[in-house]
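Read-outs: derived from the displayed coordinates by stated rules, not from any lab. As the structure is a prediction and not an experimental result, all values here were calculated from the model. Because the Cβ atoms are built from the backbone with ideal geometry, glycine has one as well, and the counts that use them run over all protein chains shown.
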Amino acid sequence: MKRLTRLTRRFAALVVGHGLVLFARLITAPRAIWAGVEPVAKQRIYFANHTSNGDFVLAWAVLPPHLRKKTRPVAASDYWLKNKLRAFVGGEVFRAVLINREKEERTEDPVDLMVAALDEGSSLILFPEGNRNMGPDPLLPFRTGLYHLASKRPDVDLVPTWIANLNEILPKGEVIPLPLLCTITYGEPIHLRRNESKEAFLKRAEKALLDQRPDTEVQE
Amino acid sequence: MNGQPDIVVLLFGVILFLVLATVLGAALRKWAATEWTMEFIDSYTARVTSWWGMVVLLALASIFGRLGLVVLFALISFAALREFLTLTAKTRADHWSLLLSFFVILPIQYWLIYIDWYGLYSIFIPVYAYLFLPIASALRGEPTRFLRRVAETQWGLMVTVFAASHVPALLWLDLPGFAGREILLIAWLVIVIQSADVLQYVWSAVCGRTPVAENLSRSKTWEGYAGGVVSGVIVGVLLGWLTPFTVWQVALLAGMVTLMGLMGSLVMSAIKRDKGVRDWGTLIAGQGGFTDRLDAVVFAAPIFYHVVRFFWSGS
């Protein structure tokens with residue numbers, strides 16, 4: 001019986017996953033631009049800008065299926081464990097690595113959780129700004145998680161991933177998405193350099209991500 | 001439908017032409033040596049590919065009659081509007097007016113075309129959308145770049161929805177002795193304009209010297225435009241048997257639509273330059289979107305529609 005429910009849940013997760021990919025593709029006609037890396041099966045941490053709840057879905061949906069299967073987004077547990085449906089989608093459809101953003105409450109260190117996921121062979125999608133960016137600046141200052149990951153697993157490629165337009169497709173507080181075109185640009189990977197300070201590395205990572213912005217967005 | 005045999009003849013003719021054009025492209029590719037010729041052939045192949053797409057879509061849609069064609073053009077408008085509004089000025093305060101553009105105004109415009117309500121579809125976007133959409137944006141209380149935002153949205157709607165919807169509107173023209181053959185008018189319009197567009201490119205490449213507007217596009221020259229219009233007229237007259245017009249009439253109309261189409265492409269180039277993009281979209285990788293392929297047809301369609309309606313329509 002238990003096995004049966006487990007199979008049903010896995011099947012449901014598969015169906016919902018394909019449904020979400022299809023929906024995201026219909027609405028935003030997303031286009032992946034592999035500017036600095038090829039879409040090949042290599043362990044990576046895709047670190048992306050975060051302006052909308054939709055990025056989560058999109059950054060995952062736009063990957064080719066064979067990469068998507070091995071890629072887990074990193075997400076906030078306070079959002080994704082709020083109710084059963086979210087827990088199902090977050091945990092079983094996206095297979096997200098759920099981390100607690102509140103230092104006082106947490107029992108497990110987020111970096112350890114992410115490292116454990118890397119050691120299982122997964123790639124990660126990470127939003128190093130930590131929060132959704134609502135302001136006029138293109139990026140918020142990065143939190144330190146990316147640095148700690150880079151120092152603990154220095155061989156993994158850190159791929160800057162710029163998601164363009166999504167804040168206009170689904171601004172905060174809106175429910176119906178606008179069907180505008182969206183691009184996701186994957187830049188050249190970076191790695192932590194020997195003796196590089198935390199601050200210098202995070203600055204370099206921010207710049208690498210900003211360099212992936214399309215010209216049309218920079219112009220405005 | 002007494003137009004049936006002609007449609008079949010036309011379809012076979014077009015397919016034969018495209019097969020030859022595809023074979024020619026493949027042959028040229030083998031023989032091409034320089035970078036410049038490769039670029040030229042890439043552009044040529046992309047055009048031929050998009051023609052295949054157009055022919056297949058038009059043929060499939062026409063199986064379902066007028067409804068099929070209206071739905072096809074509504075979908076094309078949707079894709080083009082999406083390409084357009086991706087690049088225009090907007091803020092979060094425009095979310096609802098943009099949603100209305102996609103999901104209310106566009107479907108209503110095409111529905112009005114389908115029920116042939118000429119009096120309303122002629123003014124629906126120029127009057128009603130024009131007055132009501134800024135209200136939807138203003139109610140959100142965001143003054144930053146307000147005029148630019150509402151103006152660019154309205155412009156996008158006018159070109160990609162209003163103007164484009166005049167192509168299927170041709171199906172309802174009441175031309176004496178032409179009943180049931182109206183789809184041939186669309187085929188004539190699209191073929192003439194596409195031929196003029198590509199031949200303009202060829203003429204410009206062969207003997208183009210004086211750019212029409214150097215800062216907008218270096219590939220568009222007055223020599224190319226002259227050659228494009230002359231070629232368009234020749235193609236238009238050769239295909240005159242599709243239309244109810246006499247030779248002179250068809251020549252004049254072909255000249256008019258090709259000139260309008262070439263100028264329309266120029267206008268769209270100006271916008272692309274301003275927005276800093278090479279193409280509107282990515283329908284075919286690296287070769288542009290729906291808007292890039294159809295800008296000329298869209299600019300010519302309303303003028304063609306109204307001239308034909310004014311001088312030839314029975315009602």
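The table below lists the values:
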{"quantity": "3J(HN,Hα) from dihedral phi, the range B:73-90, Karplus parametrisation 6.51/-1.76/1.60, rounded to Hz, x for glycine, proline", "calculated": "6, 5, 5, 5, 4, 4, 5, 5, 4, 5, 4, 5, 6, 4, 9, 7, 6, 6"}
{"quantity": "Considering only chain A, percent of DSSP beta bridges that pair antiparallel, nearest 5", "calculated": "20"}
{"quantity": "Residues whose placed amide H lies under 5 Å from that of A:Ala32, excluding near-sequence neighbours", "calculated": "A:Ile184"}
{"quantity": "Fraction in percent of alpha-carbon pairs per bin - 5 Å, the range B:66-172", "calculated": "2, 13, 26, 23, 17, 10, 6, 2, 1"}
{"quantity": "Nonlocal amide H pairs with A:Ser123, under 5 Å, H built at 1.01 Å", "calculated": "A:Arg44, A:Thr71, A:Arg72"}
{"quantity": "Least to most buried among A:Glu108, A:Glu38 (fewest other Cβ within 10 Å first)", "calculated": "A:Glu38, A:Glu108"}
{"quantity": "Long-range HN-HN contacts of B:Thr221 with modeled amide H, under 5 Å", "calculated": "B:Val212"}
{"quantity": "Label point distance in nm, B:Ala26-B:Asp116, each placed 7 Å from Cα along Cα→Cβ", "calculated": "4.5"}
{"quantity": "Relative exposure of A:Trp60, B:Trp172, judged by other C-beta atoms within 10 Å (fewest first)", "calculated": "B:Trp172, A:Trp60"}
{"quantity": "Overall form of chain B per C-alpha gyration tensor (a/c, 1.5; a/b vs b/c)", "calculated": "oblate"}
{"quantity": "Lys pairs under 26 Å by Cα in the range A:2-219, provided they are eight or more residues apart or on distinct chains", "calculated": "29"}
{"quantity": "Rounded if a/c under 1.5, otherwise prolate or oblate - the range A:89-220, Cα gyration tensor axes", "calculated": "oblate"}
{"quantity": "Residue exposure sequence - B:Arg218, B:Arg293 - by fewest surrounding Cβ within 10 Å", "calculated": "B:Arg218, B:Arg293"}
{"quantity": "Karplus (6.51, -1.76, 1.60) ³J(HN,Hα), θ = phi - 60°, over the range B:108-116, in Hz, Gly and Pro reported as x", "calculated": "5, 4, 6, 5, 4, 4, 5, 8, 6"}
{"quantity": "Translational diffusion coefficient (Stokes-Einstein; Kirkwood radius from C-alpha pairs) of the protein assembly as shown at 4 °C, 1.567 mPa s, in µm²/s", "calculated": "50"}
{"quantity": "DSSP H segments from chain A that extend 15 Å or more along their own axis, Cα-based, with Kyte-Doolittle mean of -0.5 or above", "calculated": "A:2-28, A:198-210"}
{"quantity": "Under 12 Å from B:Lys220, Cα to Cα: aspartates and glutamates that are on another chain or at least 8 residues apart", "calculated": "B:Asp197"}
{"quantity": "Sparse-neighbourhood loop sites, GluC sites (Glu not before Pro) in the range A:117-186 - DSSP loop, at most 13 other Cβ within 10 angstrom", "calculated": "A:Glu120"}
{"quantity": "Neighbour net charge for A:Ile190 - beta-carbon separation under 10 angstrom, K R +1, D E -1", "calculated": "+1"}
{"quantity": "For the range B:216-223, Karplus couplings with θ = phi - 60° (6.51, -1.76, 1.60), whole Hz, Gly/Pro x", "calculated": "9, 7, 7, 8, 9, 10, 5, 4"}
{"quantity": "Computed helical MRE - 222 nm, chain A, DSSP H runs ≥ 4 contributing -39500 (n - 2.57), nearest 500", "calculated": "-11000 deg cm²/dmol"}
{"quantity": "Chain B, helix-only ellipticity at 222 nm - DSSP H runs n ≥ 4, -39,500 (n - 2.57), divided by all residues, nearest 500", "calculated": "-23500 deg cm²/dmol"}
{"quantity": "Peptide-level mean, for A:177-186, of C-beta atoms on other protein chains within 10 Å", "calculated": "5"}
